[in-house]
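*Asks:* Provided herewith is a single structure, encoded as structure tokens, for subsequent inquiry.
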Amino acid sequence: MAVYTQKSNGQTLDIVTSCVVFPALNVEREEDLPDGFNAVNTLWDTGSEVTLISPRVVKALGLQKIGRTQLDGVGGSDIEDNYGVHIKLPTGTFACFVEATETNRTGGHDVVIGMDIIIHCDFCFTNKDQQSLFSLRFPSSEHIILKD
């Protein structure tokens with residue numbers, strides 16, 4: 001279990017962190033992973049059911065397609081390619097064997113973390129005193145209950 005906290009001066013409308021994307025290979029140790037793609041502009045999106053990656057990530061890692069899926073969203077409906085990836089989250093822990101969908105509809109982000117990963121996290125976002133605070137724990141370890 002590992003935690004990550006990011007504080008922003010001023011209230012923010014987007015939760016953006018970094019992550020590292022790797023091809024989903026069976027390896028015994030982190031040191032055995034090939035070079036990853038450092039995605040410094042990773043958007044956390046509770047409105048996305050799946051994790052999305054840009055064509056830039058696919059090309060940089062030379063990912064091999066594992067399937068196709070229908071991607072529905074604000075921009076319409078498209079059939080897109082899926083790729084198996086490991087994602088090193090800002091907690092330093094890995095979401096392994098994620099089926100990420102390649103799309104140009106990432107809003108300029110290299111990675112969009114969707115609910116397929118967020119559901120395995122303790123996830124909290126607050127705004128107080130003109131500061132935004134994002135806290136993340138992966139994997140989830142307890143319920144967070146806000147009190148008066």
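*Asks:* Taking segment 51-78, which residues are assigned to a strand (DSSP E or B) and among the hydrophobic types (A, V, I, L, M, F, W, C)?
*Replies:* L52, I53, I66, L71 - these are the residues of segment 51-78 that are assigned to a strand (DSSP E or B) and among the hydrophobic types (A, V, I, L, M, F, W, C).
*Asks:* For segment 5-17, state whether one or more residues are surrounded by 14 or more Cβ atoms within 10 Å (Cβ to Cβ) and touching a Lys or Arg at 6+ places or on another chain (Cβ under 9 Å).
*Replies:* For segment 5-17, residues surrounded by 14 or more Cβ atoms within 10 Å (Cβ to Cβ) and touching a Lys or Arg at 6+ places or on another chain (Cβ under 9 Å): absent.
*Asks:* For S48, indicate whether it is assigned to a loop (DSSP other than H, G, I, E, B) and open to solvent by less than 60 Å² (accessible area, probe 1.4 Å).
*Replies:* yes
*Asks:* Follow-up question, since we're still on this one. Does F97 satisfy being part of a strand (DSSP E or B), on the phi > 0 side of the Ramachandran plot, open to solvent by 60 Å² or more (accessible area, probe 1.4 Å) and not acidic (D, E)?
*Replies:* It is true that F97 is part of a strand (DSSP E or B), on the phi > 0 side of the Ramachandran plot, open to solvent by 60 Å² or more (accessible area, probe 1.4 Å) and not acidic (D, E).
*Asks:* Quick one: which of R137, R105 is at negative phi, of a type outside the set (A, V, I, L, M, F, W, C) and part of a strand (DSSP E or B)?
*Replies:* Details: R105 fails: part of a strand (DSSP E or B).
Selected residue: R137, the only one of R137, R105 that is at negative phi, of a type outside the set (A, V, I, L, M, F, W, C) and part of a strand (DSSP E or B).
*Asks:* Would you mention how many residues in segment 47-73 are touching a helix residue (DSSP H, G or I) at 6+ places or on another chain (Cβ under 6 Å) and not charged (D, E, K, R)?
*Replies:* Residues in segment 47-73 being touching a helix residue (DSSP H, G or I) at 6+ places or on another chain (Cβ under 6 Å) and not charged (D, E, K, R): 2 in total.
*Asks:* Here is a follow-up. Evaluate the following for T91: is it open to solvent by less than 60 Å² (accessible area, probe 1.4 Å), in contact with a strand residue (DSSP E or B) (Cβ under 8 Å, 6 or more places away or on another chain) and without any contact (Cβ under 8 Å) to a residue 60 or more places away in the chain?
*Replies:* Spelling it out, it is not the case that T91 is open to solvent by less than 60 Å² (accessible area, probe 1.4 Å), in contact with a strand residue (DSSP E or B) (Cβ under 8 Å, 6 or more places away or on another chain) and without any contact (Cβ under 8 Å) to a residue 60 or more places away in the chain.
*Asks:* Evaluate segment 77-88: report whether one residue or more is over 14 Å from the mean Cα position of the chain (by Cα), under 24 Å from Y4 (Cβ atoms), buried (at least 17 other Cβ atoms within 10 Å of the Cβ) and not small (G, A, S).
*Replies:* Checking segment 77-88: not a single residue is over 14 Å from the mean Cα position of the chain (by Cα), under 24 Å from Y4 (Cβ atoms), buried (at least 17 other Cβ atoms within 10 Å of the Cβ) and not small (G, A, S).
*Asks:* Right, here's the next one. Specify the residue that is surrounded by the most Cβ atoms within 10 Å (Cβ to Cβ); the eligible residues are those in segment 26-37 that are under 15 Å from A95 (Cα atoms), within 21 Å of the chain's Cα centre (by Cα) and of a type outside the set (A, V, I, L, M, F, W, C).
*Replies:* G36
*Asks:* Hey, could you check segment 115-131 for residues that are hydrophobic (A, V, I, L, M, F, W, C) and part of a strand (DSSP E or B) and say which is least open to solvent (accessible area, probe 1.4 Å)? If you could, list the steps in order and put the result at the bottom.
*Replies:* Keep residues of segment 115-131 that are hydrophobic (A, V, I, L, M, F, W, C), which gives 115, 117-119, 121, 123-125.
From what is left, the residues that are part of a strand (DSSP E or B) are 123-125.
Working: F123: 57, C124: 36, F125: 75 Å².
This residue is C124.
The values are calculated or read from the model by the stated rules, or taken from the named source; none is laboratory data. The model shown is predicted, which means the values in this text are computed figures rather than measured ones. In this analysis, Cβ positions are derived from the backbone assuming ideal geometry, glycine residues included, and neighbour counts consider all displayed protein chains. Side chains included, ligands, DNA and RNA excluded: accessible areas come from the protein's heavy atoms. Shrake-Rupley method; radii C 1.70, N 1.55, O 1.52, S 1.80 Å.
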